[in-house]
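First the structure, in the form of structure tokens, and then the observations on it.
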Amino acid sequence: MGDRVRFRRFVQRLAVQEPLKVVFLGGSPLDGQSVSQSSESHLSHQIIAYLQSINPKVKLQFTAIPNVPLSYYSVFFDAHVDKDADLVFIDLAAEDPVYLQDGNHQIHEVLFRRAMDLPHRPPVIELMFQRQSANYTLARPEFSFTNGDYLSMLSQYYHQPWLSYRGVFWDDMVRSRAGWEKSEFFAADGVRPTARGHRAMAELLAQMVRREAKLLSTREPWGEDEETQLHRPLIGPLFENVSTINPGGLLRGQKLKEAADGEASRGFKWMDGPSDAAQGQGWRAREAGSRLVLDLDPADIVPLGPENINQAALVYRRAAQGVGSAMLVCGRACNCSRTALEGSREGLLAQAFAGVFKVAATGPCRVEVLTSDEGEFLVYGLGVLTDMGAVKPLV
């Protein structure tokens, strides 16, 4: 639990029923393929329901993108997380590479630091669901030292909680004791949790809240020294080069507005909302056949040269119903495959999603979004991801 100051402050604000925003940034385990996002069994539903039973002013901001590049959230953070977030869950252990000494752990720390540096000083809680099969861990025994240990080191370094199956009931699970078999907690892929797996993680969080609430009301009340600690400057990074690497760049807000070619576009109108909200501004269309043309010069946002760029992403709204779909195509000086942007799917929570696609940009390029059916289609951001060649390996 580290020094617990941030989490204690969250629990204190929860108890006095202040408005609170809880953020989930997820990958494969939370995307809903084994347990629907809108199901009462899903982790986000259980945690929000529990917190709202204490404080009805708790709100959810949710994103789960399967198979997302690890660098994605560190670059597109502002398109998914509001500035007033009060608690941030990060579920990207499945996307973090298993190789122990890998520069990608630095990219994970970039994301971690961005969340830690938010104005409300939220606690940042890493979630570690998945087990690692033998062929996925370089022949190490199952549940031995894995990438999850690097995530735990990161949490410990910043004095933040870290919730892990392996850290809580490893002994029972690895021995396949009755009721604790791996199949009880994981889908067949060994990554996505079952309904019971979601419940187990939610209960771990509930236990943390109950324990901290008891301490705050008894022998460890909130003190002035903790208020000082809460606002102390963020310590320097754990891994090398974290402050200098450049995993990519994002156009959103006014820059996204200026990137549109008004003459070539049709049917899309600018939505001008609060600039400090992740999805407060963007381009919106409501009719099939609408067209949004965006001009993107990678050199303007990633000063590494176009040869370092190998992926791009368009951030758009997704929900269970009422959201249209679209097709993304590349034009001038931009080589990429057509990418389908699915808007609605049963069981989804409303969220900012991303269409990630490989791209070869030789200079300023043009991206077109063509809506294919009726329904509201919202575009919140467009950006690029580098090959992270500038990241110095840890070995």
| said: Just checking, does segment 253-274 include any residue being under 26 Å from L92 (Cβ atoms), surrounded by 17 or more Cβ atoms within 10 Å (Cβ to Cβ) and not assigned by TED's automatic domain parsing to the domain that holds V16? | reply: yes
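Would you point out which residue out of V81, V88, V110, V23 is at pLDDT 95 or above and either touching a Pro at 6+ places or on another chain (Cβ under 7 Å) or part of a helix (DSSP H, G or I) (or both)? Outline the logic, then answer.
Values: V81 fails: either touching a Pro at 6+ places or on another chain (Cβ under 7 Å) or part of a helix (DSSP H, G or I) (or both); V110 fails: at pLDDT 95 or above; V23 fails: either touching a Pro at 6+ places or on another chain (Cβ under 7 Å) or part of a helix (DSSP H, G or I) (or both).
Only one candidate passes the filter, namely V88.
Looking only at segment 258-277, how many residues end up being at pLDDT below 90 and touching a strand residue (DSSP E or B) at 6+ places or on another chain (Cβ under 7 Å)? So that I can check it myself, show each step before the final result.
Narrowing segment 258-277 to residues at pLDDT below 90: 273-277.
From what is left, the residues that are touching a strand residue (DSSP E or B) at 6+ places or on another chain (Cβ under 7 Å) are 273, 275.
The qualifying residues number 2.
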| said: What pairs come out if I take residues in segment 271-288 that are basic (K, R) and pair them with residues that are in a strand (DSSP E or B) and at pLDDT 90 or above whose C-beta lies under 6 Å away, six or more apart or interchain? | reply: R284/K269; R284/M271; R284/L378; R286/E376
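Sort through A340, A264 and tell me the only one that's under 24 Å from H80 (Cα atoms) and not charged (D, E, K, R). Before the answer, list the steps.
On the way: A264 fails: under 24 Å from H80 (Cα atoms).
Only one candidate qualifies: A340.
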| query | Would you pick out the residues in segment 167-194 that are surrounded by fewer than 16 Cβ atoms within 10 Å (Cβ to Cβ), closer than 30 Å to S53 by Cβ and among the small types (G, A, S)? | reply | G167, G179
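Here is a yes/no grid of residues against (1) more than 20 Å from A354 (Cα to Cα); (2) touching a strand residue (DSSP E or B) at 6+ places or on another chain (Cβ under 7 Å); (3) β-branched (V, I, T); (4) in the same structural domain as A206 (by TED's automatic domain parsing):
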{"site": "Q12", "(1), (2), (3), (4)": "yes, no, no, yes"}
{"site": "V16", "(1), (2), (3), (4)": "yes, no, yes, yes"}
{"site": "P19", "(1), (2), (3), (4)": "yes, no, no, yes"}
{"site": "L30", "(1), (2), (3), (4)": "no, yes, no, yes"}
| Within segment 209-227, can you find the residues that are at pLDDT 90 or above and of a type outside the set (D, E)? | V209, R210, R211, A213, K214, L215, L216, S217, T218, R219, P221, W222
| task | Determine, yes or no, whether D276 is charged (D, E, K, R) and over 23 Å from the mean Cα position of the chain (by Cα). | result | no
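The values are calculated or read from the model by the stated rules, or taken from the named source; none is laboratory data. The structure presented is a predicted model; accordingly, all values stated were derived computationally and were not measured. Neighbour counts run over all protein chains shown; Cβ positions are idealised from the backbone, glycine included.
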